[in-house]
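Enquirer: Before I ask anything, here is the structure I am working with.
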Amino acid sequence: MKVIHLMVTGEPGGIEMLTYTIARNSQNENIMWFLFRGGAVADQMKAAGIPVIISETPRYRWRNSMKDFIHYCRENQVDIVINHLDAPVACAHVLALKRALPHIKVFGYLHNDVRRKTVGLKNKLGYLPFIKAMHRCCDKVFAISEFVKAAGMDAYGLPAEKIAVIYNGVDIQQFSGTGNRENRQRMELIFVGRLIKDKGVHLLLDALAQLPQEILCHASVVGFGSEYERL
């Protein structure tokens, strides 16, 4: 079975690493389609032998990319397309594909609280109707938690039966858990992820700064992004 994962970039991020893990463990043929550009994770995927396509779609001239996407799906007999993002360009690709090749199963994926997409006039009048139309045309929508499922129902008006909850997995065999916590003199915290404002790392740092001095706590922040310098 051929499965295309539709994403925006191949730079480090939770969604990109999730799809990388799926491709390494799945028995299906997983194809990574990045609409705008590649990146470190896309390079890792290529090195691992995972099919990667980077269409380098201009944000406001995406019709050629959409035609190429439909042509690829038709010629390569793709069975499933999973859209991991609500980006307007990704939504346009999904809607066009479903009209041209209705036999291909299309799945949406809710990775976070999407209710913020309903805030602001630009979202309400521009993006939101487009995103709702994309999810309506999907055969099924996946959510990473019950909370995210409820957010999708609230923001996009999706019926409960259309959303299936699939929790993100962790291979616990990678972690020995042999550390001795009893003799530690301070609490150790670590954040790993993309350094953007939505992640709230600034709130963690503000909270640590307000702790009494007698409380020993150390935080490590691993990642990069637009908030790197400010953090």
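Enquirer: State yes or no: is VAL78 open to solvent by less than 20 Å² (accessible area, probe 1.4 Å) and within 16 Å of the chain's Cα centre (by Cα)?
Expert: Working: open to solvent by less than 20 Å² (accessible area, probe 1.4 Å): yes; within 16 Å of the chain's Cα centre (by Cα): no.
No.
Enquirer: Within the group PHE147, PHE130, PHE175, which residue is without any contact (Cβ under 8 Å) to a residue 60 or more places away in the chain, more than 30 Å from ALA92 (Cβ to Cβ) and aromatic (Phe, Trp, Tyr)? Even if it seems obvious, please write down each step before you answer.
Expert: Values: PHE147 fails: more than 30 Å from ALA92 (Cβ to Cβ); PHE130 fails: more than 30 Å from ALA92 (Cβ to Cβ).
After applying the criteria, what remains is PHE175.
Enquirer: Same structure again: Is it fair to say ILE22 is at pLDDT 95 or above and either open to solvent by less than 10 Å² (accessible area, probe 1.4 Å) or not in a loop (DSSP other than H, G, I, E, B) (or both)?
Expert: On the way: at pLDDT 95 or above: no; either open to solvent by less than 10 Å² (accessible area, probe 1.4 Å) or not in a loop (DSSP other than H, G, I, E, B) (or both): yes.
The answer is no for ILE22.
Enquirer: Taking only segment 160-187 into account, find how many residues are modelled with pLDDT under 80, closer than 30 Å to CYS138 by Cβ and open to solvent by less than 100 Å² (accessible area, probe 1.4 Å).
Expert: Here the count works out to 1.
Enquirer: LEU6 fails exactly one of the following numbered conditions: (1) in a helix (DSSP H, G or I); (2) among the hydrophobic types (A, V, I, L, M, F, W, C); (3) closer than 22 Å to CYS91 by Cβ. What is the number of that condition?
Expert: (1)
Enquirer: So for segment 188-204 (the condition being buried (at least 16 other Cβ atoms within 10 Å of the Cβ) and either modelled with pLDDT of 95 or more or β-branched (Val, Ile, Thr) (or both)), does at least one residue qualify?
Expert: The answer is yes, given that some residue of segment 188-204 is buried (at least 16 other Cβ atoms within 10 Å of the Cβ) and either modelled with pLDDT of 95 or more or β-branched (Val, Ile, Thr) (or both).
Enquirer: Filter segment 25-50 down to residues that are open to solvent by 50 Å² or more (accessible area, probe 1.4 Å) and not small (Gly, Ala, Ser) and give me whichever is nearest to ASN168 (Cα to Cα). Steps first, please.
Expert: Step one: filter segment 25-50 for residues open to solvent by 50 Å² or more (accessible area, probe 1.4 Å), giving 25, 27-29, 37, 40, 43-44, 46-49.
If we keep only those that are not small (Gly, Ala, Ser) as well, we get 25, 27-29, 37, 43-44, 46.
Numbers: ASN25: 14, GLN27: 18, ASN28: 19, GLU29: 20, ARG37: 25, ASP43: 23, GLN44: 21, LYS46: 23 Å.
If we take residues in segment 25-50 being open to solvent by 50 Å² or more (accessible area, probe 1.4 Å) and not small (Gly, Ala, Ser), then ASN25 is nearest to ASN168 (Cα to Cα).
Enquirer: In segment 51-75, which residue that is touching a residue at least 24 places away in the same chain (Cβ under 8 Å) and open to solvent by 90 Å² or more (accessible area, probe 1.4 Å) is farthest from ASP139 (Cα to Cα)?
Expert: Top of the filtered list is ARG59.
Enquirer: For segment 126-144, how many residues meet the condition of being open to solvent by 30 Å² or more (accessible area, probe 1.4 Å) and not in a helix (DSSP H, G or I)?
Expert: 4
The values are calculated or read from the model by the stated rules, or taken from the named source; none is laboratory data. Model, not experiment: these values are computed from the prediction. For neighbour counting, all protein chains shown are included, and Cβ atoms are generated from backbone atoms with ideal geometry for every residue, glycine included. Side chains included, ligands, DNA and RNA excluded: accessible areas come from the protein's heavy atoms. Shrake-Rupley method; radii C 1.70, N 1.55, O 1.52, S 1.80 Å.
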